[in-house]
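Data first, discussion second: the structure below is written as C-alpha cells.
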Amino acid sequence: MQVHKDFLERQTLAAGRAEALFAGMDTLPLREREALEFLYAYMPLSDLADYEGAFFRKQVEYAFKAKETFAWGDSVPETVFRHFVLVYRVNNENLDTARIFIFNELKDRVKNMSMYDAALEVNHWCHEKVCYRASDVRTSAPLATIKSTFGRCGEESTLTVTALRAVGIPARQCYTPRWAHTDDNHAWVEVWVQGKWYFMGACEPDAELNMGWFAIPSTRTMMVHTNIFGKYDGPEEVNWQTPLFSRVNLLPNYADTRKITITVTDTTGQKVSDAEVKYKLYNYAEYYPVAQGKSNSEGQVSLTTGYGDLLIWACKEGRYGYQKMDVRKDSVFTIVLNHSAGCSYAETFEIVPPVEKHNLKTVNKSKITENNRRLAYEDSLRTAYLGTFISDEDIAKIKNENLIPEQIYAFVKKSEGNYAEIITFLNQNSVKKEGLYLNEFLDVLSDKDFRDAEAAVLQQHITFFNSERYPMEAYVKGILPARISNEGLRSWRAFLAEKMHVELGTTTNSNALKEWINSHITVDNEANYFNCPLSPRGVYELRMADKHSRDIFFVAACRALDIPAYLDPATNQLFVCESNTWNIFTFDSARQNIPETGILTLIFNDAMQRKPEYCTHYTLAKFENGDFVTFDYENDLRVTQFPITLQLEAGYYMLSTGMRYSDGVTLSRLEFFNIDPNQNITKNVILRKLDPRNQSYGAIDLNYALWIDNSYLKISELVKEKAMIVCFIEPSREPTKHLFKDIKALKHEFEQWGGTILFVASEDKATINSNFASWGFPRNALYVEDKKGAWFANILTSTDQYFRDNYPVVYIVSSTGELIFKSEGYRIGTGELIYRSLKNYSK
C-alpha cells in the first residue's frame, strides 16, 4: 500500500524524534493506525519537528468521533474524509487543540441539522468569536485567534476550516494569492455538502452558501487555489504537485477561464525542457507568481487562468526570458531564454485585469433580514467578551521596577485576551536586576506575540547584558530578542546552549557552527510545503529543515552560544557580530563567507507627486537562480525618508514601480541594474504619470436633504465649493475596513484639503454610529444613517448605475453635483486614488 510505504520512509527520516512521534502506534486499532500513518506520511517538516505523537493521535480520535456523531458522517467518501476532515493543518498556523474544543462546543448545536444548515451554523459560531482585523504574516493558532476576537482573512479561514472539520464537514481554505485589480490577496472557505463544493466567507456568515462580499471581486482574479495534504487524485487541475501535497486550481469555480500554453525555447529556437515557468501578476509593486510549473520534454507547460494580463517568466540555469501575455487575445505563447544577469536597461508595461462580472446569487429578503439580525447579535456577544479584558484601572495596579507605568500599560493593552500570560511574565520580572532590559525585550515583540505568547516561553528567553562580551547595540539587536523571523515563539535558548556547547566543544564561533550545520542538517525546500518555520529545537532534533528554518536555527544557535546574530527581515540576509563588527554571513558555498557589498541610494525628484511608499509604489529585488526575489522593506524604518541609502550585497537588481487607476489598470516600470563591490550607485524612483480620466458617472440632486447631527442638511450645504467624498459602506465587512484604513492613513492630507467626507450606511448595516468619533478619521468626516438606503437608491436610479451589494462604493461629488470619481468593491489604496483625483479636480 502506497501510504504505508510513504509512512515508512518518513519514519526513517524522523528517526531523531521516533520516541516522541511514533511510540504506541502499534497498540492502536487498525482504522486509527492507518489514519495516523496517512498523516505522518505526508505532513510537512514543521509538524514532524515540533509536535508530539499524542497530539496527532487526538486529532485522529476526534476526526472519527465527528464522523460517528453526526448524521452526515457516513455520506462523506473516504478520500474526501482523509484530505478534508482528518487533516489537522489548514495552512501555516501554529497548531493547537481547537478541533477538540470546537467539537465539544458545537456537537449539540448542529447535531440535528442538515449538513447544509450545519455548515452555515458553524460559520455563525465562528463569527460570534472572531471578526476581521489586519495583522502580520505569522498565522496564529485558531484558539489564539478566538482569544483575541479577530484575525486577518488567512486566520479567519483557518479557524473556519478547523471548525467545519471538527464537526466532520469537509472543508478547505481557498486563496487568490494576489488580486488582479488591486493590491493584496484574500482567503475564504469551500465546504463540501452532499457531493458538491460551496464557498463561504470565513467568520462572515451569509444567509446561504455560495455568498460573500468577494463573489464579485473573485470574477476578476487570475488564480484561486488550495493546498491539499497528501497524494490527491481529484477532478481539479493540478498547478503544482510534490510527493507530499498538491496545489489545485479552483479558478473555474469563480471566474471565466482560458487554458494557456507556454513554450520555452533558447535563442536558437530549440525547445527547453524542465524550465521553471512562473505566471506573474502585478501586485504590491512587484510581479508576484500566482502559479508556476515546469516545461515538459516539448518545452511546454499549461495553466487555466482568467482573462487578464500576466507577465510570463521562464528561467533555467541562470538564463531567463519574460513577456507580457494578454490572455484575452492569446492562448499560446513562446518565451525565449534571451536574458542573463548583468544587462542594464528599463522597460514599461500596461497591465489590465479581467472585467468584473455580477452573477450574484439571489436570496429571499426575509433570509437576509434574519441573517443581519443574527450578525448584530453575534457582534454583541463578541463585544461582551471584549468587556472581560483587563481594565485600565487594574493595569494601573501592576508594579514593575524595570518598567514605567506607561510601558506597563502599553504592553498589557497589546495582549488583549492574553493579558493573564503577559501579567504573569511581568510579575516574574518585577524586581530590578542588573543587566535586565525588560522594556527593550518586550518592545521588539510583535503585537501578535503579546496576544498568543506564553509566560513560560518568554521567561526562558530572558538574558542579561554583559558589557565585557559585546556592545549594547549588538546585545539588543543580536542576543536579547526572543523572535528571529516569522516563527512561532518557542523555548530553545537553554536547550541549544547545552547541546551546541557539547557539539562544538571549545570552538564556539560562527564558522564552526556553519560547518556543524552543513554536516548535520539536511536542507529540503519542498518537504516543508506549508512554509511554517520549524522551531530551532525542532531543527536540531529532526536534523532537517527548509532554508529559512535553517537560517533561523543558525541565529538561535548563535544567540544560545552568546554570539550576536540576526536575520534581516527585509533581505533575509544573515548578520553576525564578532570582534564587535557586524558582517553579512552566508551558507552559499559559491559566495564568500563575508560577501562584498555596495551602496544603493534611492532618490525621488517629482515634487508634483506624493512621496512613494515601499510595496505601494515601488519594490527592490535581487537576482537569485534565474528570477528576482523581492526584498520585504514594508514598514521598515530604512525606507521611510528619501534619499534612501541601503548597503546591499553586490549583484544584479531590479527596481519595480507602478501606479494604478481606479479600474485596476496599472502602469508599470522595471529597471534592471548592477551593484558592484564597493560601488555607490544612485537610482531615481520613477513613477509613471496617470493621466486624469475626465469621467462622469452622472449627477445627483444637490437639494436632497440628509438628517445629520439632529438637523436636515442639503447636499449643496455639504459640498460647498470644495467637492465632497461620499462613501457608502458596510462597516462590518473586510472591504469597508480596508477603506477605513486607507482614509485614516491620509488623515493629515484630507484635513488639509478640508472638504466634507461622508460615510453613509443603511440602518441594517449601521454598526459604527455610537463610536464614530473614536475611529480616528479626519476631523472633516461625518457619519450618516441612510434610512432604508433611500439616498443611495436615489443616486443609483438617477444616474442609471447597476449595483449588487459590492460595498464600499465611493464617489467624489463636484460642486455642481456631478459624480467625477467612482470606486466600487474591494480595493486597496482607495484613499490615495481619492486624494489624487481631488488634486486633479482642484487644478
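The values are calculated or read from the model by the stated rules, or taken from the named source; none is laboratory data. Quick caveat, the model's predicted, so the values are computed rather than measured. Here Cβ is always computed from backbone atoms with ideal geometry, including for glycine, and neighbour counts include all displayed protein chains. What goes into the accessible areas is simple: the full protein's heavy atoms, side chains included, and nothing from ligands, DNA or RNA. Shrake-Rupley method; radii C 1.70, N 1.55, O 1.52, S 1.80 Å.
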Exercise for review: First compute the accessible area of the range 560-677 with a 1.4 Å probe, then give the percent of it belonging to carbon and sulfur atoms.
Suggested key: 47 percent
Check your understanding: Sorted by mean Cβ packing within 10 Å, highest first, what order do the peptides 528-536, 454-462, 387-395, 633-641 take?
Key -> 528-536, 454-462, 633-641, 387-395
Exercise for review: Please report, as a whole percent, how much of the solvent-accessible surface of the range 405-448 comes from carbon and sulfur atoms (probe radius 1.4 Å).
Suggested key: 50 percent
Revision key, fill the gap. Sorted on mean Cβ neighbours within 10 Å (highest first), peptides 313-321, 572-580 come out as 313-321, 572-580
Check your understanding: Ignoring ligands, DNA and RNA, how do MET223, MET113 rank by accessible area with a 1.4 Å probe, largest first?
Key -> MET113, MET223
Check your understanding: Using the Karplus equation 6.51 cos²θ - 1.76 cosθ + 1.60 (θ = phi - 60°), what ³J(HN,Hα) coupling, rounded to whole Hz, does each residue of the range 756-765 give in order, writing x for Gly and Pro?
Key -> 7, 10, 10, 9, 10, 9, 5, 4, 6, 10
Check your understanding: Between ARG382 and ASP136, 0.36 nm times their residue separation minus their Cα-Cα distance comes to what?
Key -> 86.4 nm
Exercise for review: Using the structure shown, list the pairs from LYS196/LYS259; LYS107/LYS448; LYS365/LYS765; LYS720/LYS741 with a Cα-Cα distance above 21 Å, or answer none.
Suggested key: LYS196/LYS259; LYS107/LYS448; LYS720/LYS741
Study note, to complete from the structure: Expected field for ASP74, accessible surface area in Å² at 1.4 Å probe radius, rounded to 10, holds 140 Å²
Practice item. Could you list which residues have their amide H under 5 Å from that of CYS174, counting only those 5 or more apart in sequence or on another chain, with H placed in the peptide plane? Key: TRP188, VAL189, GLU190
**Study point:** Relative contact order [Cα under 8 Å, 6+ residues apart], the range 678-762, whole percent
**Key:** 27 percent
Review point. For the chain, with every protein chain kept in place, what is the accessible area per residue (1.4 Å probe, Å²)?
Key: 41 Å²
Practice item. Using a 1.4 Å probe over the heavy atoms of the protein chains, calculate the carbon and sulfur portion of the accessible area of the range 10-161 as a whole percent. Key: 52 percent
Check your understanding: Over the chain, what is the relative contact order in whole percent, taking alpha-carbon pairs under 8 Å and six or more residues apart?
Key -> 10 percent
Revision key, fill the gap. Extend 7 Å from the Cα of ARG31 along its Cα-to-C-beta direction; within the range 52-71, residues with backbone N under 13 Å of that point are 60-70
Study note, to complete from the structure: Rounded to the nearest Å, the spacing of the alpha-carbon centers of the range 579-645 and the range 452-506 is 27 Å
